[in-house]
Every structure is written in C-alpha cells, then in structure tokens.
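**Student:** A single structure is presented below for examination.
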2 protein chains.
Amino acid sequence: MNKTVEYHFLKSALTLDNPFLSTENFIDWLAKKKASVNHNITPIQFSEMKNWGFNESTGNLEHQSGKFFSIEGIKVKTNWGNVAEWSQPIINQSEVGFLGIITKNIDGVLYFLMQAKIEPGNINAVQLSPTLQATKSNYTQVHKGNTPLYLEYFMEDRADVKVLLDQLQSEQGARFLKKRNRNIIVEVTSDIEVKDDFCWLTLGQIKELLAFDNVINMDTRTVISGIPYGNLNTLNETGISVQSDFLQSELDANNSLHSIESIISWITKHKAFAELEVNQIPLNSIKDWMKDDETIYHKDHKYFSVIGVRAEIGNREVHSWTQPLVKSAQEGLIAFIIKKINGVLHFLVQVKLESGNFDIIELAPTVQCLTGNYRKGKNEYEVAFIDYVLNPEANNAKVLYATFQSEEGGRFFKEQNKNMLIEVGDDFDVNVPDKYIWMTLNQIKTFIKFNNYLNIQSRSLLSAVKLCR
Amino acid sequence: MNKTVEYHFLKSALTLDNPFLSTENFIDWLAKKKASVNHNITPIQFSEMKNWGFNESTGNLEHQSGKFFSIEGIKVKTNWGNVAEWSQPIINQSEVGFLGIITKNIDGVLYFLMQAKIEPGNINAVQLSPTLQATKSNYTQVHKGNTPLYLEYFMEDRADVKVLLDQLQSEQGARFLKKRNRNIIVEVTSDIEVKDDFCWLTLGQIKELLAFDNVINMDTRTVISGIPYGNLNTLNETGISVQSDFLQSELDANNSLHSIESIISWITKHKAFAELEVNQIPLNSIKDWMKDDETIYHKDHKYFSVIGVRAEIGNREVHSWTQPLVKSAQEGLIAFIIKKINGVLHFLVQVKLESGNFDIIELAPTVQCLTGNYRKGKNEYEVAFIDYVLNPEANNAKVLYATFQSEEGGRFFKEQNKNMLIEVGDDFDVNVPDKYIWMTLNQIKTFIKFNNYLNIQSRSLLSAVKLCR
C-alpha cells in the first residue's frame with residue numbers, strides 16, 4: 001500500500017535508532033570533522049578585501065562581478081511600532097537559492113542526507129547543513145566553479161527523484177531585502193553515493209541534535225520546519241505508540257481556539273492597516289550609521305555592524321578568500337510561549353513588521369529580540385511577555401527547550417540567538433493583545449505551506465519541536 | 001445546531017427564490033436606477049482637469065493632494081516570456097481599500113446587501129457593487145467628505161457583526177503597481193436599514209445575474225470569487241438535491257489530478273526561476289509612449305492609453321469632477337479551459353508574470369489576452385490554446401459560459417472583457433505545457449484563501465461559476 005508523504009516524515013521523526021550512524025557516533029563523527037578542518041577567520045580592513053569594494057557613487061559594498069550579494073542602504077517609513085522612519089544597511093541578494101535535502105527510504109524509514117559544512121561565520125566551524133545549499137549564481141554556473149554536489153537531483157526532472165516538499169521561505173527580514181530561498185526535500189529511489197562529509201540521519205535524530213548548541217545550521221532548521229506530519233490517523237498507521245503534547249498539537253486538526261479563516265482574517269486586517277514603504281538608497285546616504293576602515297556601524301553601536309574577513313577554510317585543500325560579514329551587536333532571544341487550550345498546546349504567535357519583509361508582516365515568535373536589547377532599561381521600549389522568558393519560574397512557566405542556535409555562517413559572523421519554548425500555566429490569560437494570536441502546530445503547518453507566512457525565527461523554533469519524548 | 005459558514009454560503013448559492021426581490025424584479029429595479037441617473041462622461045484635455053496635473057519634474061499625473069492615485073512610470077526587466085525589458089505607465093495606489101459585503105441571515109438564508117453604483121467608466125452607468133467600496137483615504141477621512149455608507153460595520157469590533165470571509169486580493173497586475181484590496185464579507189445579526197440604491201440578493205441570484213453583460217461589477221466579482229462552499233457533507237446538510245459538475249468540482253476534495261503540495265511545488269519552481277525587476281521611473285522617461293493634449297498612448301496605439309474625463313454623475317444631487325481614466329486599446333478575452341478528469345471538472349490554470357504583480361507570478365486563466373491582440377497575425381506572439389476559445393465547435397469544445405464583464409469603472413473607461421468557460425472533450429491532452437496545470441475548483445478555493453495566488457481575471461471567471469443549473 002502506498003503510504004503518504006506525511007506518514008514517512010512522521011515515522012522518520014519518531015525514529016531515533018539509526019543502524020548506519022547512531023546519534024552518539026554522529027557526535028564523534030562531527031567532532032572529527034571539526035578537528036580535521038582549518039577554519040581561520042581574520043577580521044581585516046575593508047581595503048584588504050579582494051574583489052570587494054565600495055561603489056564610488058553609492059558607497060554600496062559590492063563584489064566586482066556584481067554577483068553574490070551587496071550591502072546597500074534602505075530608507076524605511078511605517079505606521080507600525082514606535083519608530084516611524086529610519087534608514088539602515090541591508091543585505092541585497094535578490095536571487096532565490098536552493099536549500100535542499102535528499103532523503104532515501106531504507107527499510108521503510110526515511111533518512112536525510114546531511115552535510116558537515118564549514119562556513120566562515122560559523123561558531124564551531126562545522127555545522128550540519130542540508131545536502132545542498134546553492135545560490136542561483138552557483139547553480140546556473142554564472143561564475144565558473146565546481147558544480148555543487150548533488151545539484152543534479154534538484155535541477156532535473158528525473159524518474160528516480162520524487163519531490164516531497166517544495167516551499168519558498170523568507171530569510172531574516174531585518175537583515176535581508178526580501179530574500180527568499182527554495183526549501184526543498186526530495187526522495188531518491190536509485191542508489192546514491194554518500195560522499196565525504198555527508199551522512200544519513202533520521203529526522204528524529206536531527207531533532208535530537210537540536211538539543212545541542214550550534215550543531216544544526218539555520219538552513220537545515222528552515223527546511224525541516226515546514227515538514228507536515230498529517231493527522232491522528234497518520235500516527236495510527238505508523239504503529240508507533242507515543243504520547244506527546246507536541247505530537248498532539250501537530251496532528252490534531254479539530255481542537256484549535258481559532259479557525260484558519262479567523263486567523264487569515266486577523267492577518268488580513270493587519271496587512272491592510274500596516275504601511276511599509278521601503279526605498280533603496282545609497283549606503284553612503286543612510287543616517288546615523290558610520291564607517292571606518294574596518295566597520296560599518298550604528299552611531300550608538302546598536303543593532304549590527306558590517307565587517308570584512310579573510311577566510312582560510314578547508315581540510316585536505318584549503319581555500320582562502322575575503323568577504324563581508326554581518327556582526328550582531330549582541331546575542332538575541334527568540335521564544336514561543338505555549339499554553340494548553342482545549343487540551344491541545346497552542347503557540348502564541350506575533351504579527352511582526354520588519355523592514356526587509358516581502359509582504360509587510362510575517363508571523364513571528366511571541367518574543368523576538370535580535371537587533372535591540374531586551375534587558376530592562378537597556379532600550380527605549382519594553383518587550384511584551386519578556387518576563388516569562390527571563391524569569392520563567394517566578395511566572396509559573398516551564399522551560400521546555402533552551403539552546404543557542406546560529407544564523408547562517410555565510411553571511412553572519414558568529415551570530416547565535418537563544419531559542420526557547422516556554423509553557424505557561426492556567427493563570428496565563430487566554431486573551432492576548434491584538435498583535436498576538438494562539439495557534440496549534442497543526443495550524444502553523446498549514447500556513448508554512450504557503451509563501452511568506454512564518455518568519456525564519458519562528459521556523460527555527462518550530463524545527464526544534466520534538467515529536468517523541 | 002450551529003451550521004458552518006460554508007453551509008450558509010452554499011445554501012445561499014443554491015437559492016434563487018427571493019421573496020423580497022425576485023431576479024426579474026431586480027432587473028426592473030436596476031433599469032429604473034439607470035433611467036433616473038445622470039451619467040455624463042466627457043473626455044477633456046488634460047489642461048482642463050481640476051486638481052490633477054503633471055508633476056513638473058517627473059511628468060507623473062497626480063492629484064494635488066497627493067491622495068487618490070497617480071499615473072507613474074515603471075521600468076521592467078524579466079527573464080519571463082518574449083520581451084525582456086520594457087517601460088510602461090502604471091497606476092500607483094498603494095493603499096489597501098475595502099471591498100465589503102454585508103450579509104444577513106433571513107429565515108435561514110444568507111442575503112447579500114448589494115448596491116446599484118454609478119462609476120464614471122461604467123458601461124451601463126450603473127452596475128451592482130458590494131455594500132462598501134472604500135479607499136483608505138475614504139475610510140480614514142483624510143480628505144473630508146461623507147463617510148461611506150455602512151462603513152461602521154467593517155471598521156469596528158461589534159457584537160452584532162461576524163466576519164465570514166476576509167482576504168487580501170490583488171488587482172490587475174498589468175495596470176496597477178502591487179495594488180491589493182481587502183475582500184471582506186460580514187454577517188450582521190441586528191436590524192439594519194436598507195438605504196436607497198441598496199437591495200438584498202441571494203448569492204444564487206448574483207451568480208444568475210452574471211449571465212448578463214456588465215451588470216455585476218468587478219468588485220463584486222472578486223469578493224464572491226473567494227467564497228468557500230465546504231465539501232460533499234455540507235451539501236447533504238443543506239438538504240438541497242442538486243447534481244452539477246461545477247458543484248462536484250467545488251465540493252470534492254479527493255479526486256484531483258495533483259495534490260495541493262504538488263501544485264505548491266510547481267508554483268515554487270516558477271517563482272524561484274522567474275526574475276522580475278520593477279523600478280519606478282518618472283512618467284516622462286518611459287520609452288515608446290507619447291503624450292498629447294488629451295492622451296498618453298503607446299506609439300503603436302497598443303495596450304492602453306490614459307485619458308482625462310469630466311464626470312457629471314448623480315440622481316437627485318449631481319456631482320461633477322474631473323479625473324484620469326485608463327482606456328484599453330481593445331476588448332480583451334479571458335477563458336478557462338475545463339476538462340473532466342477522474343470524474344471531476346478540472347480548470348486549466350496558467351502561471352503568469354505581470355509587471356505590477358505583488359509576488360512575481362500569479363495563477364491566471366488558461367487564456368488571458370487583455371493588453372495585446374489575440375487575433376491571428378495581429379500580434380508578435382501566439383496565444384496558447386486560443387483556437388479552443390475562438391473556434392470551440394471546430395475543436396470539439398463546448399462553451400459553458402460567455403459574457404462581457406467590466407473592469408472597475410472608477411479607474412477604467414468602458415473596459416469590458418469577454419469572460420468564457422469552455423469545456424473540452426476526451427481528445428484534449430491531459431498533459432499540458434509546464435506553465436499550465438489542472439486544478440479542481442476545490443483546490444482553487446484553497447489557494448484563494450491565502451494571499452496573492454489567483455489573479456483578478458481568474459477570480460472574475462470563478463465568480464461566474466453557477467453551482468445550480
């Protein structure tokens with residue numbers, strides 16, 4: 001009998017035993033990769049960068065080929081939040097890249113082909129990435145280089161490849177201008193070679209590894225965050241007996257506080273009233289930002305800065321190049337507050353406007369503090385619900401998950417954010433301010449399917465939700 | 001027992017008997033409205049327009065308040081289709097307006113409060129519009145004027161108002177720059193006054209009236225196009241016995257050729273590869289367009305032109321003003337080709353890039369020829385499937401629906417397009433080119449729920465689908 005895609009995803013998510021590579025052995029494997037690797041990242045002066053420079057008229061930081069990405073300026077006007085107008089640097093990389101995972105059904109379980117990948121900005125040098133990370137320049141071979149490994153499984157119509165998931169998802173709205181990537185999972189039915197630095201893991205193992213700091217990279221997290229698991233019947237089909245509140249919230253389509261249509265109405269209302277005008281301006285004309293020989297920074301040293309680095313990276317063969325990276329002013333914090341309503345866990349979702357958003361607003365975690373400082377008195381505004389996150393015990397709240405996870409190491413310099421899932425008790429009011437709404441995981445999955453609903457921070461948190469205990 | 005929203009929509013769609021106003025009497029009523037109305041629209045020179053003028057530096061056609069809308073220029077670059085680069089005038093009206101319908105449950109049937117509305121560009125002077133059509137300038141009272149009638153039912157949280165549908169939907173992508181409106185249907189439970197020029201109709205009656213040319217305006221068509229009707233159980237609940245292929249396609253969620261996920265993957269692929277770069281430029285710098293005292297037009301008199309008109313409109317009280325309108329170069333043609341697959345009608349949907357699209361591409365009818373000429377030898381390109389539309393009999397195809405329907409009379413001068421639904425036979429190949437895909441009505445309704453999937457031309461056609469015979 002043909003099982004559904006959801007069945008196979010769910011079964012893999014509930015499988016922790018991997019006869020090819022146990023989670024324990026994977027940790028050794030990854031440690032060895034890390035030990036065998038060169039990862040020298042040196043901040044340098046902008047003038048030392050090769051092939052990168054500031055455009056004479058605009059001051060934009062560009063690659064001489066016009067490819068890859070550039071650091072430009074935007075001027076933002078909005079009626080949302082406390083600040084009506086500002087300008088800022090932003091990463092412009094308008095092409096859509098691939099974040100792709102190959103899976104294979106081995107003895108009835110779906111295994112994910114994961115890659116130990118070095119990126120210049122990585123904490124830990126090596127993190128676990130999807131099978132394929134490729135920009136359009138990569139995969140269209142605009143600049144000659146090696147074809148990315150396994151690209152052919154994603155580019156061509158092949159009889160031995162079945163697409164299991166294929167979604168266009170957004171990147172960081174405060175850092176990227178309308179950037180999106182194609183998040184894709186395929187199943188390969190033919191024999192496939194496992195190349196150096198690649199390994200097979202179950203989805204359950206990947207989720208298990210999300211309990212560690214900075215092991216699973218951002219690209220992996222966004223791809224797996226969109227995976228659908230079906231409904232309660234799907235669970236019965238697996239024959240696996242598991243009782244978990246998260247699993248219930250994933251599979252139960254009937255006991256949500258709001259209907260999908262009510263949530264759409266709530267989003268529509270906010271999109272109709274929110275105004276966001278973003279104009280691209282020359283980097284050298286943005287207000288309140290300064291530049292010296294080695295940094296572009298905000299005058300109060302807030303938000304983030306842009307630096308140049310020299311990267312010397314590799315194991316057998318060492319590659320060396322220079323490039324800009326974005327460096328955060330401090331560690332951020334993202335957290336979902338979760339509450340049992342009608343017997344099902346509901347996530348408190350926030351509607352949030354960010355300057356680089358493709359469609360004005362996206363759904364964000366309950367608390368998202370990345371570019372500002374959330375500590376009391378350190379900022380001009382107060383962050384709603386922050387007390388539940390900073391002092392859970394004092395607020396009768398339980399920390400279900402707390403780790404540090406990294407932003408993408410190809411663009412961000414050692415940026416990590418604290419990822420938290422916090423369950424609140426009966427005393428937490430089910431009535432919430434108008435920019436917040438309760439949703440089950442099942443509902444969130446419905447919205448993720450369609451474009452640009454859940455922002456990357458919320459997807460990062462969702463990827464960490466473990467379905468088995 | 002509480003019936004679902006879908007139940008009430010479906011029941012209204014299947015109800016043609018209206019004790020308050022039969023369809024026959026409605027036609028008399030509308031004819032009387034038309035007869036009693038002044039509708040003098042005179043093309044004038046641009047210099048005769050009051051409060052409208054060309055910006056001295058950009059040449060943009062603007063209202064002196066900076067409100068309403070403006071005619072500006074855009075420069076377009078794309079890798080889609082035959083033409084890689086062009087510039088054109090476009091309507092810029094970035095604010096989100098309301099297109100709202102009030103409904104009321106009277107004796108178990110949902111009635112829609114419709115308005116006989118005069119617009120300057122209307123063919124027939126008066127067409128049937130939603131209860132409320134309001135721009136943001138209207139409803140936020142930026143320019144003092146009368147508050148639009150019934151606005152209060154849409155603006156405030158009220159105990160006597162329930163939101164039944166609330167979607168952000170796109171306008172014409174080749175004419176408007178990323179314009180969207182809030183399409184909203186509410187149910188009012190308190191007594192409500194039926195003001196002059198308003199009447200109650202069932203959804204079935206509105207669909208019946210779509211068999212006439214230019215009676216139901218574009219705004220009504222887009223709002224009702226998104227209405228969901230549930231599934232086959234919903235039909236059983238109504239107790240109404242009806243057998244219709246369209247109804248089957250609306251309610252059957254199980255016999256589609258492709259899954260929703262496959263269709264999302266197909267859309268994702270096209271969005272990932274399609275490139276659309278749109279830059280706003282001064283109207284006086286667009287190439288191949290000319291301006292004389294009374295028209296902005298393409299040098300070959302193709303596509304559309306911009307004219308100025310004086311409008312004298314009203315019944316008891318006559319209002320007079322001047323404004324620009326967009327005038328199409330010829331009548332357009334939009335058509336869905338429909339085929340029974342797995343026993344269910346499937347619509348042949350096209351993925352289409354238009355310059356003003358919010359998200360690069362939207363789903364369009366099989367044939368959409370608005371700005372070009374579809375007649376053989378009259379254009380540089382050939383339109384796929386056009387033969388089935390122009391010569392259905394010769395191609396073993398059956399015309400299920402054919403009327404002329406208008407574009408919005410507040411912006412477009414007597415623009416009408418032929419709307420057609422064409423059923424093809426078994427000999428029509430189920431395999432179609434990569435930019436086309438077969439979808440059931442049930443699937444199309446799923447996509448309409450979420451933002452910016454179905455373009456306004458496809459929604460216009462979908463509104464005309466009759467569920468009863």
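**Student:** With a 1.4 Å probe, how much accessible area is buried between chains B and A, both sides summed, in Å² to the nearest hundred?
**Tutor:** Approximately 2800 Å² gets buried when B meets A.
**Student:** Cα atoms only: what Rg and Dmax, in Å, come out for segment A:72-126?
**Tutor:** 20.2, 57
**Student:** May I pose another question? Normalised by the residues of segment A:279-425, what does the relative contact order come to in percent, with Cα pairs under 8 Å and at least six apart?
**Tutor:** After rounding, I find 22 percent.
**Student:** Are there any trypsin sites (Lys or Arg not before Pro) in segment A:21-102 that are in a DSSP loop and have at most 14 other Cβ atoms within 10 Å? List them by number.
**Tutor:** Loop-located and lightly packed - A:LYS50.
**Student:** Still on this structure: Could you work out the relative contact order of segment B:124-190? I mean the mean sequence separation of Cα pairs under 8 Å and 6+ apart, divided by the number of residues, in percent.
**Tutor:** Value for segment B:124-190: 25 percent.
**Student:** Determine, at each q value in 0.09 (inverse angstroms), the log₁₀ of I(q)/I(0) that the Debye formula gives when each Cα of segment A:82-190 is one equal point scatterer.
**Tutor:** Log-scaled intensity ratios, in q order: -0.31.
**Student:** What's the local net charge at A:GLN45, with K and R +1, D and E -1, over the other residues with C-beta under 11 Å away?
**Tutor:** -3
**Student:** Still on this structure, I have one more. Test of the criteria: in segment A:123-222, which trypsin sites (Lys or Arg not before Pro) are in a DSSP loop and have at most 15 other Cβ atoms within 10 angstrom of their Cβ?
**Tutor:** Taking segment A:123-222 and a limit of 15 other Cβ atoms within 10 Å, the loop trypsin sites (Lys or Arg not before Pro) found are A:LYS144, A:ARG158, A:LYS195.
**Student:** Computed from the mean reciprocal separation of all distinct C-alpha pairs, what Kirkwood hydrodynamic radius does the protein assembly as shown have, in Å?
**Tutor:** Result for the protein assembly as shown stands at 29.7 Å.
**Student:** Tally Lys and Arg at +1 and Asp and Glu at -1 over the other residues with C-beta under 10 Å from the C-beta of A:SER320: what net charge comes out?
**Tutor:** Its environment carries a net charge of +1.
**Student:** Still on this structure, please answer the following. Got a number for carbon plus sulfur as a percent of the protein assembly as shown's accessible area, 1.4 Å probe?
**Tutor:** Here carbon and sulfur together make up 45 percent of the probe-accessible area.
**Student:** Between segment A:54-98 and segment B:381-402, what's the alpha-carbon centroid distance in Å?
**Tutor:** 48 Å
**Student:** Going 7 Å from the Cα of B:THR23 in the Cα-to-Cβ direction, what parts of segment B:443-468 have a backbone nitrogen less than 11 Å from that spot?
**Tutor:** Label zone hits: B:466-468.
**Student:** A follow-up question, please. Pick out, in residue order, every one of the GluC sites (Glu not before Pro) in segment A:147-239 that is DSSP loop and has at most 14 other C-beta atoms within 10 Å; say none if there are none.
**Tutor:** A:GLU156, A:GLU193
**Student:** Ok, one more. Counting only helical runs of four or more DSSP H residues, what would the 222 nm mean residue ellipticity of chain B come to if each run contributes -39,500 (n - 2.57) and the total is spread over all its residues?
**Tutor:** Counting only the DSSP helices, I get -5500 deg cm²/dmol.
**Student:** Given a 1.4 Å probe, how much area per residue of segment B:155-300 is accessible, in Å²?
**Tutor:** Per-residue accessible area for segment B:155-300 comes out at 40 Å².
**Student:** Can you list the copy-to-copy distances for A:ASP160, using a point 7 angstrom from Cα toward Cβ, in nanometres, shortest first?
**Tutor:** Inter-copy label distances (nm, one decimal, shortest first): 6.9.
**Student:** Does any residue of segment B:433-469 lose at least 20 Å² of accessible area with all protein chains in place compared with its chain alone, and if so which ones (probe 1.4 Å)?
**Tutor:** B:LYS449, B:PHE450, B:ASN451, B:TYR453
**Student:** From zero outward in steps of 10 Å, how is the percent of C-alpha pairs of chain A spread across the bins?
**Tutor:** Cα pair-distance distribution for chain A, in percent: 4, 20, 31, 27, 15, 3, 0.
**Student:** Given 20 °C and 1.002 mPa s, compute D for segment A:286-411 with the Stokes-Einstein relation, Rh being the Kirkwood radius over Cα pairs; round to the nearest whole µm²/s.
**Tutor:** 120 µm²/s
**Student:** When we measure straight from the Cα of A:LYS162, which aspartates and glutamates land under 19 angstrom away, once same-chain ones fewer than 8 places off are left out?
**Tutor:** A:GLU6, A:ASP107, A:GLU152, A:GLU187, A:ASP191, A:GLU193, B:GLU261, B:ASP434
**Student:** What percent of all Cα-Cα pairs in segment A:236-346 falls in each 5 Å bin, counting up from 0?
**Tutor:** So the P(r) values, bin by bin, are 2, 7, 9, 10, 10, 10, 10, 9, 11, 12, 7, 2, 0.
**Student:** Using a label position 7 Å from Cα in the Cα→Cβ direction, what is the ascending list of nm distances from A:LYS418 to the same site in the other copies?
**Tutor:** In ascending order, 6.7 nm.
**Student:** Give, as a single signed number, the net charge of other residues whose beta carbon lies under 11 Å from the beta carbon of B:TYR401, with Lys and Arg counted +1 and Asp and Glu -1.
**Tutor:** Net of charged neighbours comes to +3.
**Student:** Sticking with this one: Could I have the simple spin-label model distance between A:CYS468 and B:LYS32, label points 7 Å from Cα toward Cβ, reported in nm to one decimal?
**Tutor:** In this crude label model, A:CYS468 to B:LYS32 measures out at 7.4 nm.
**Student:** Chain B: which residue's Cβ hugs the B-to-A rotation axis most tightly, distance rounded to whole Å?
**Tutor:** Here the nearest residue and distance are B:PHE450, 2.
**Student:** If you wrap a convex hull around the C-alpha atoms of segment A:235-293 and split its volume per residue, what is the figure in Å³?
**Tutor:** It comes to 273 Å³ per residue, whole-number rounded.
**Student:** I need the inter-copy label distances for B:ASN146: point set 7 Å along Cα to C-beta, values in nm with one decimal, smallest first.
**Tutor:** Here B:ASN146 shows inter-copy label distances of 7.3 nm.
**Student:** To continue, here is another question. Once the mean 1/r over all distinct Cα pairs of segment B:37-129 is inverted, what Kirkwood radius in angstroms do you read off?
**Tutor:** 17.6 Å
**Student:** Here's something else I'd like to know. Given an 8 Å cut-off on Cα distances and at least 6 residues of separation, report the relative contact order of chain A as a percent.
**Tutor:** Contact order relative to length: 22 percent.
**Student:** Also, quick follow-up: With a ≥ b ≥ c taken as the square roots of the eigenvalues of the C-alpha gyration tensor of segment A:420-469, please select rounded if a/c is under 1.5 and otherwise prolate if a/b is larger than b/c or oblate if it is not?
**Tutor:** Oblate, because a/c is 1.5 or more while a/b does not exceed b/c.
The values are calculated or read from the model by the stated rules, or taken from the named source; none is laboratory data. Just so it is clear, the model here is predicted, and its values are computed rather than measured. Note that each Cβ is placed from the backbone with ideal geometry, even for glycine, and that neighbours are counted across all protein chains shown. The protein model used for the area step is the full one, side chains on, heavy atoms only, and it has no ligands, DNA or RNA in it. Shrake-Rupley method; radii C 1.70, N 1.55, O 1.52, S 1.80 Å.
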